[in-house]
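The values are calculated or read from the model by the stated rules, or taken from the named source; none is laboratory data. None of the values given here were measured: they were computed from a predicted structure. Here the Cβ is made from the backbone with ideal geometry for all residues, glycine too, and neighbour counts use every protein chain on show.
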Amino acid sequence: MHQAGGTAMNEAAAENAAPLVIATNLDDVQNERLARHPRGPRIVPYSLDRPAWEIPATADVVFTYYRGWAGAPSEPPPGWPFRLRWIQIAAAGIDAFPDWFFTGPPVTSGRGVGAIAIAEYALAAMLAHEKQIFDGIRVTGAAMWKPRMLGRLHGKTLGLVGLGAIGREVARRAASFGMTVLATTRSGGGQAGVTIVRSVAELAARSDHLVVAAPLTRETRGIIGAEILSQARPGLHIVNVSRGALVDQDALLVALDHGQIGAATLDVTTPEPLPEGDPLYRHPCVRLTPHSAWCTDDAVDRLTAKLFDNLDRFLAGRELLDVVDAQRGY
């Protein structure tokens with residue numbers, strides 16, 4: 001009886017406890033959905049009238065995009081981390097945040113939310129390259145009705161710079177096309193059907209398509225540079241779906257102009273957008289898209305599901321998903 005009474009008292013206390021305060025700079029759709037969570041958190045949108053790093057001191061939790069953090073100071077605001085018990089980043093990458101951001105409570109990321117969508121983009125980019133979709137194959141009159149020799153993915157080699165959530169999804173799809181899949185990975189983990197190689201240089205030398213899907217860290221910044229490009233297999237097609245700064249864009253242009261590589265499909269650049277007149281806009285071997293590989297008609301729902309999963313875990317005192325290791329950079 002005593003145990004049952006104690007349980008009832010605990011449940012009553014939980015019901016009467018103050019609601020969880022979530023400070024957020026997410027969009028209105030996510031904020032409205034969070035406000036409808038069964039546990040009734042109090043949602044405080046805060047960055048419309050203040051910088052992203054000026055988090056309300058009354059917040060228990062922060063849900064944030066990376067936007068607005070680029071100008072954050074190198075030192076934390078006075079009183080950091082206030083009363084925060086958890087920080088959820090909606091994006092997979094953490095490169096926009098200052099070092100002090102990770103000195104407080106646990107930080108979790110949106111790793112994997114866009115992995116399938118981005119993997120489909122990478123496969124589409126490779127298919128478009130092989131099938132010359134962007135290179136005038138479309139017939140607009142009878143005079144153009146002449147067969148052209150097209151490429152294929154079957155039997156080609158895919159190199160993956162990074163074997164995280166995105167890399168794994170790309171690998172699964174590439175295997176179904178009959179591609180040989182190679183990868184480099186810092187984590188040391190493998191995947192069935194994927195051969196781990198020692199270096200990015202070896203990867204570039206052996207691959208027909210090179211998909212850059214690693215996080216941006218001190219070690220990976222500029223990793224696709226002149227040295228790697230000089231060792232690339234002739235005709236290599238580079239697809240960057242990670243961060244623009246992983247690729248040295250000046251070295252990329254030189255390699256394209258000198259025929260060291262064949263083409264590049266870039267969903268990300270540095271900066272974004274590129275300034276007017278940048279040579280990447282007009283280069284015949286470059287295909288640019290505006291950082292939209294992740295953006296599909298279910299993107300909002302996928303993010304909501306991730307946020308709710310971790311929020312449920314936090315409220316239940318269970319292990320959170322995708323806790324960031326600031327030392328590793330992801």
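Some observations on this one:
- Some residue of the stretch 273-293 being without any contact (Cβ under 8 Å) to a residue 24 or more places away in the chain and either in contact with a His (Cβ under 7 Å, 6 or more places away or on another chain) or aliphatic (A, V, I, L, M) (or both): yes
- Residue count for the stretch 243-288 satisfying the condition of being in a loop (DSSP other than H, G, I, E, B), in contact with an Asp or Glu (Cβ under 9 Å, 6 or more places away or on another chain) and within 23 Å of Tyr66 (Cβ to Cβ): 2.
- Single match in Ala57, Ala52 (criterion: without any contact (Cβ under 8 Å) to a residue 60 or more places away in the chain, in a loop (DSSP other than H, G, I, E, B) and touching a Ser or Thr at 6+ places or on another chain (Cβ under 9 Å)): Ala52
- Which listed residue, of Thr265, Thr289, is touching a strand residue (DSSP E or B) at 6+ places or on another chain (Cβ under 7 Å), closer than 18 Å to Gln132 by Cα and among the polar types (S, T, N, Q): Thr265
- Boolean, Met149 is closer than 29 Å to Pro234 by Cα and outside any loop (DSSP other than H, G, I, E, B): no
- Here Gln327 clears all of (1) surrounded by 13 or more Cβ atoms within 10 Å (Cβ to Cβ); (2) at pLDDT below 95 except the condition numbered (1).
- Of all residues in the stretch 74-91, those satisfying the criterion of being touching a helix residue (DSSP H, G or I) at 6+ places or on another chain (Cβ under 7 Å) and buried (at least 19 other Cβ atoms within 10 Å of the Cβ) are Trp86, Gln88, Ala90.
- Within the stretch 142-162, residues that are on the phi > 0 side of the Ramachandran plot have Cβ atoms under 6 Å from residues that are surrounded by 10 or more Cβ atoms within 10 Å (Cβ to Cβ) in these pairs: Gly162/Ala213; Gly162/Ala214, counting only partners at least 6 apart in sequence or on another chain.
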